[in-house]
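Data block below; observations after.
The values are calculated or read from the model by the stated rules, or taken from the named source; none is laboratory data. Remember, it's a predicted structure, so these values are computed and weren't measured experimentally. So basically every Cβ, Gly included, is an ideal-geometry build from the backbone, and we count neighbours across all protein chains shown. The area values use the complete protein model at the heavy-atom level, side chains included, leaving out ligands, DNA and RNA. Shrake-Rupley method; radii C 1.70, N 1.55, O 1.52, S 1.80 Å.
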Amino acid sequence: MKYKISMIIWLIIIATLGTLGFVFTSQPLSNLQLETLKILGIICGASVLYCFVVGEISRNNSQMDKLWSILPIAYAWVIAGMGGMKPRLIIIAVLVSLWGIRLTYNFAKKGAYSIKFWSGEEDYRWIYLRKQKVLSNKFVWCLFDLLFISLIQNALVLGITLPGLAIMESEVSFGIVDIIATILMVVFLFIEIIADYQQNKFQVKKYEYLNKGMKLNEIPEPYCRGFNIKGLWGVMRHPNYLGEQGFWISLYLFVIGAGVANYGVFNWSMIGSMVLVMIFIGSSRMAESISVKKYSEYKDYQNIVFKYLPFRKYKK
């Protein structure tokens, strides 16, 4: 019940912010922006069709996961190219490319990509969700695949890159807000890189022990817990999620720096990052519910370490 209430509250907040963004954005899209959006829409639409059809035929619903890190790079450079390769757009495209290269590399290490492009390792979330009673029906799952996995996720990936579209014709010089946005994006990207490295190092070592036939409770500290409690993971439960959300929220600051946000804050392109935050609320809750069932000490970990704040809390 608490989960449902929190989701409703977040939906209300996002709907309010989205409405304010549209209300306060008096300028319609220019011909150049509409032309660029058309190109982005074609790419997005093709991706939706591909993810749904290939996912259903192959029964591997990680098709969008494979494209999640690649599509933003394409969107960012299309916007930069159509916008005349202005400094602000180039910086955004470079940072998004670095973000995408990092995520693609990490996903590839998990075996997600294959010469048979439709195959590869499927994300554990889809395997877990298919086993849930409400989604076990083939028709219901097909509908979920179409609407959420294929359509909503593709729309979200496009949405988080749209601040670039909003600023592509801005003539405002690169200023202090843009510098802050750049620094924050680099910092959050660095947090993701460190978190990925620490998590990968932990998991590799843990499975070295497990592959030797040892049980979890026979493995030395800290691997016997089953989940990482070292480095960034020792001071926050989801440093990777923090980095991900922070990266895309920071991208929106370029809209403020470019002077296209009405009242200095509001613009329609803020919706993408706000929806991303909402998605991560659900994703983190699902991931933690799985961890609680798998690992006996995870509940204590939740009581000691905050989800995103980098310090410990008192144990309840």
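Accessible-area rank, largest first, for Trp68, Trp141: Trp68, Trp141, with all protein chains present and a 1.4 angstrom probe. Cross-link check: pairs Lys116/Lys206; Lys38/Lys86; Lys110/Lys201 evaluated at a Cα-Cα cut-off of 18 Å; pairs beyond the cut-off: Lys116/Lys206; Lys38/Lys86.
On the basis of the beta-carbon distance and an R0 of 35 Å, Met286 and Asn262 show a calculated FRET efficiency of 0.45. Among the protein heavy atoms, those of Tyr241 account for about 40 Å² of accessible surface (1.4 Å probe, every chain in place). In this structure Asp300 has an accessible area near 60 Å², from a 1.4 Å probe over the protein heavy atoms. Between Tyr308 and Tyr295, the modelled label-to-label distance comes to 2.1 nm, taking each label 7 Å out from Cα in the direction of the beta carbon. Residues Arg125, Arg237, sorted by accessible area with the largest first, give Arg125, Arg237 [1.4 Å probe; ligands and nucleic acids excluded].
Extension gain for the segment Ala46 to Lys230, taken as residue separation times 0.36 nm less the Cα-Cα distance, is 62.1 nm to one decimal. Near Asp145, once Lys and Arg are set to +1 and Asp and Glu to -1 for all other residues with Cβ below 11 Å from its Cβ, the sum equals +2. Solvent-accessible surface (1.4 Å probe) assigned to Trp118 amounts to roughly 100 Å². Each Lys and Arg adds +1 at its Cβ and each Asp and Glu adds -1 at its Cβ; summed about the Cα centre, the chain shows a dipole of about 1480 debye. The amide H of Ser62, built 1.01 Å from its N in the peptide plane, has Asp123 as neighbours under 5 Å, considering only residues 5 or more places off or on other chains.
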